[in-house]
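Colleague: Sharing a structure below in structure tokens format, with a few things to ask.
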Amino acid sequence: MGTNANASMNNLFRIFTVPEAPDSTLGKLDQAISQNLAGFLQQHIVAEETDLSVLERDFTDTDIPDRPVFVSEQTQFLLDKVVAQSVHTASPSFIGHMTSALPYFMIPLSKIMIALNQNLVKTETSKAFTPLERQVLGMLHRLVFQQDEAFYGRWLHDSHQHLGAFCSGGTVANITALWAARNSAFGPQGNFRGINKEGLFAAMRHYDCEGAAILVSERGHYSLSKAADVLGIGREQIVAVPTDGSNRICVDALQVQIRQLRERNIRPFAVVGIAGTTETGNIDPLDAVADVAAAEGLHFHVDAAWGGPTLFSDRYRGKLKGIERADSVTIDAHKQLYVPMGVGLVVFKDPAKLGSIEHHAQYIIRQGSKDLGSTTLEGSRPGMAMLVHSALRIIGRRGYQLLIDLGIEKAARFAELIDERQDFELITDPELNILTYRWLPAGFAGALADASPSVARKANDILNSITRHIQKTQREHGKAFVSRTRLTPERYGQQPIVVFRVVLANPLTDEQTLVDVLDEQAEIASSDALAGRLEELRQLLGRPAA
Ligand SMILES: *Cc1c(COP(=O)(O)O)cnc(C)c1O
């Protein structure tokens, strides 16, 4: 080999070698990165005002470089072009999404996970991480189902049964739960060897039905539609059950829908209760849904991706009453457990239930092994359980209780602030830490309430465009961020209403932040850009704006 080739080899070996001194090039880079990140995280804005199309110019080259780029050069690129143009999800005024601040200890601790690079699919590549992950599943199983010591002593580390499955997030957790439900409902019977072996067509033939369905309220998360698609039953077989004025599933309507499905020879096999809807944070009457599931012989899944950690709160746990009767429960760790993005899990009341999706292979996940990969949808998986374990121990039950109580009480206070003002309308009262509202000055509100349905419809269309404009403009200004969604409130005859959506999960968000958000929105509403639309409203409703 020539000298150049030798030099390349040396460099190649070096990038896989642990640097010996902290003052080495990599050691110094590590420090520089930490400092830069700390600076980024301390800025209380939500984003720099730069158009995405401008940013795209830095990411247009599809040529993979032939010659290596120095680590220092790449670091500089990342700091300048990526970090500086990221969203400040940790900002106290970033209150629009379920992604929020992390406890700072996550950053140093996550280094352990990356450095060890364990693969949880099998014990041969994860050793202690496997019992650790099972322990965490046990902790969250216990939070939900509260079985006794003997139960956990018996099942926690059993090689044939699983208390649940870790995965990358709520979506895969929901898919896993419904996958197990489907496979149990269409399991082996007589000559039929089960849907997992023979497939959907054979299952329909054997069970003599023309389809299979899952029921959930119309506030159900879109991941359930993805699940229906992947499971082969079709998105239309996620049957949306109407909700009441508080966005909770109507249990009577649920029963009607089940009957109608059966009349069409479509077999319902699961019903999903939601503990904290993504848009409004409402909780279905889980006990009543559990009754229906039991009476109808359906798998009862609870999507508690957002609201699950409410169980830590002595004061608010009761809102989730009935969750302990679920067959399976989804909890997203990267939401209200405050763990970095990329981890969710599903726990099953009956440790045998996951057996219906079990897969084995010769070289890995062998029968009878403790390999976690036999009952997860994903294959290779990182040791994120380590970070969930750390959060559960460092924050603890009391800490989570404080975080949950703080969020719920802050949302209630924000609702009061909105009610007290003349220029905003609360659309959904917070049940947890999520609420929705819109800009609507008192003069218009009164006239809107008295308007004929057709005038109200037109006025709401204009208000919808105003809400969209305010939300977008506020986001572009970069000081604060609320999200927006569309709801169909009873108050407006089920007309789609565009609303601001606020999620209060960051403990550092204070009352002043919330007041500032409203003030900025009111200011945008009175800007020249909206003058035309305000005039249209005045003509429709015949009232002054202020
Ligand atoms: C966030 C969420 C999901 C999906 O979780 P991901 O982690 O985004 O995949 C599912 N259901 C509910 C209720 C959620 O809030």
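The values are calculated or read from the model by the stated rules, or taken from the named source; none is laboratory data. These figures come from a predicted structure and were not determined experimentally. Every residue, glycine among them, receives a Cβ derived from its backbone with ideal geometry; neighbour counts consider all protein chains shown.
Colleague: Could you tell me whether segment 307-315 includes any residue that is in a loop (DSSP other than H, G, I, E, B), more than 16 Å from the ligand (Cβ to nearest atom) and over 30 Å from Tyr104 (Cβ atoms)? Talk me through it step by step, then tell me what you get.
Modeller: Here is the first cut: in segment 307-315, the ones in a loop (DSSP other than H, G, I, E, B) are 307, 313-315.
Next, from what is left, pick out any that are more than 16 Å from the ligand (Cβ to nearest atom): 313-315.
Of the ones still in play, those that are also over 30 Å from Tyr104 (Cβ atoms) are none.
No; the residues of segment 307-315 include none that is in a loop (DSSP other than H, G, I, E, B), more than 16 Å from the ligand (Cβ to nearest atom) and over 30 Å from Tyr104 (Cβ atoms).
Colleague: Based on this model, can you work out whether Leu377 counts as closer than 21 Å to Ala173 by Cβ, touching a Gly at 6+ places or on another chain (Cβ under 8 Å) and modelled with pLDDT under 95?
Modeller: It is false that Leu377 is closer than 21 Å to Ala173 by Cβ, touching a Gly at 6+ places or on another chain (Cβ under 8 Å) and modelled with pLDDT under 95.
Colleague: Can you find a residue that is at pLDDT 95 or above, in a loop (DSSP other than H, G, I, E, B), more than 15 Å from the ligand (Cβ to nearest atom) and surrounded by 17 or more Cβ atoms within 10 Å (Cβ to Cβ) anywhere in segment 288-304?
Modeller: Yes, the conditions are met somewhere in segment 288-304.
Matching residues to (1) touching a residue at least 12 places away in the same chain (Cβ under 8 Å); (2) among the β-branched types (Val, Ile, Thr):
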{"residue": "Thr3", "(1), (2)": "no, yes"}
{"residue": "Thr25", "(1), (2)": "yes, yes"}
{"residue": "Glu48", "(1), (2)": "yes, no"}
{"residue": "Pro65", "(1), (2)": "no, no"}
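Colleague: Additional query: Please specify each residue of segment 172-194 satisfying the condition of being assigned to a helix (DSSP H, G or I) and either within 15 Å of the ligand (Cβ to nearest atom) or touching a helix residue (DSSP H, G or I) at 6+ places or on another chain (Cβ under 7 Å) (or both).
Modeller: Hits for segment 172-194 are Val172, Ala173, Asn174, Ile175, Thr176, Ala177, Leu178, Trp179, Ala180, Arg182, Asn183, Ser184.
Colleague: I've got another one for you. Which of the residues that make up segment 118-137 are free of Cβ contacts under 8 Å to residues at least 60 places away in the same chain and either not assigned by TED's automatic domain parsing to the domain that holds Lys370 or not in a helix (DSSP H, G or I) (or both)?
Modeller: Correct list: Lys127, Ala128.
Colleague: Just for segment 204-222: of the residues that are buried (at least 21 other Cβ atoms within 10 Å of the Cβ) and either free of Cβ contacts under 8 Å to residues at least 40 places away in the same chain or among the small types (Gly, Ala, Ser) (or both), which one is nearest to the ligand (Cβ to nearest atom)?
Modeller: Among those residues, the one meeting the criterion is Gly220.
Colleague: Hey, another quick one. May I ask you to list the residues in segment 474-509 that are within 21 Å of Glu431 (Cα to Cα), among the charged types (D, E, K, R) and surrounded by fewer than 21 Cβ atoms within 10 Å (Cβ to Cβ)?
Modeller: Within segment 474-509, Arg484, Arg486, Glu490, Arg491 meet the criteria.
Colleague: Another one. Would you confirm whether or not segment 333-341 contains a residue that is without any contact (Cβ under 8 Å) to a residue 60 or more places away in the chain and not polar (S, T, N, Q)?
Modeller: Yes, the conditions are met somewhere in segment 333-341.
Colleague: Would you mind finding the one in Gly379, Gly368 that is more than 13 Å from the ligand (Cβ to nearest atom) and at positive phi?
Modeller: Among Gly379, Gly368, only Gly368 is more than 13 Å from the ligand (Cβ to nearest atom) and at positive phi.
Residues checked against (1) within 30 Å of Ala150 (Cα to Cα); (2) modelled with pLDDT of 95 or more; (3) charged (D, E, K, R):
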| position | (1), (2), (3) |
| --- | --- |
| Ala173 | yes, yes, no |
| Leu178 | yes, yes, no |
| Gly190 | no, yes, no |
| Arg193 | no, yes, yes |
| Leu200 | no, yes, no |
| His206 | no, yes, no |
| Ser217 | no, yes, no |
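Colleague: Does Lys335 satisfy the condition of being within 16 Å of the ligand (Cβ to nearest atom), of a type in the set (Lys, Arg) and surrounded by fewer than 22 Cβ atoms within 10 Å (Cβ to Cβ)?
Modeller: no
Colleague: Here is a list: Arg366, Arg393. Which entry is surrounded by fewer than 17 Cβ atoms within 10 Å (Cβ to Cβ), of a type in the set (D, E, K, R) and either closer than 18 Å to Ser100 by Cβ or modelled with pLDDT of 95 or more (or both)?
Modeller: Just a single option satisfies the conditions, and that option is Arg393.
Colleague: Which of the residues that make up segment 450-486 are part of a loop (DSSP other than H, G, I, E, B) and either in contact (Cβ under 8 Å) with a residue 60 or more places away in the chain or not assigned by TED's automatic domain parsing to the domain that holds Glu520 (or both)?
Modeller: Answer for segment 450-486, where residues must be part of a loop (DSSP other than H, G, I, E, B) and either in contact (Cβ under 8 Å) with a residue 60 or more places away in the chain or not assigned by TED's automatic domain parsing to the domain that holds Glu520 (or both): Ala451, Gly478, Lys479, Ala480, Val482.
Colleague: Let me ask something additional. Take segment 511-541 and flag every residue that is more than 30 Å from Leu406 (Cβ to Cβ), in a helix (DSSP H, G or I) and either out of contact with any Phe, Trp or Tyr (no Cβ under 7 Å at 6 or more places or on another chain) or of a type in the set (Val, Ile, Thr) (or both).
Modeller: Matches in segment 511-541: Asp528, Ala529, Leu530, Ala531, Gly532, Arg533, Leu534, Glu535, Glu536, Arg538, Gln539, Leu540.
Colleague: Further, regarding this structure: So is Ile233 of a type outside the set (Lys, Arg), within 14 Å of the ligand (Cβ to nearest atom) and surrounded by 15 or more Cβ atoms within 10 Å (Cβ to Cβ) or not?
Modeller: So Ile233 fails the test.
Colleague: Another question, then. Which condition does Leu406 not pass, out of (1) surrounded by fewer than 18 Cβ atoms within 10 Å (Cβ to Cβ); (2) touching a His at 6+ places or on another chain (Cβ under 9 Å); (3) among the aliphatic types (A, V, I, L, M), if it passes all the others?
Modeller: Condition (2) is where Leu406 drops out.
Colleague: Got a number for residues in segment 236-256 being within 14 Å of the ligand (Cβ to nearest atom) and either outside any strand (DSSP E or B) or surrounded by fewer than 15 Cβ atoms within 10 Å (Cβ to Cβ) (or both)?
Modeller: The total comes to 2.
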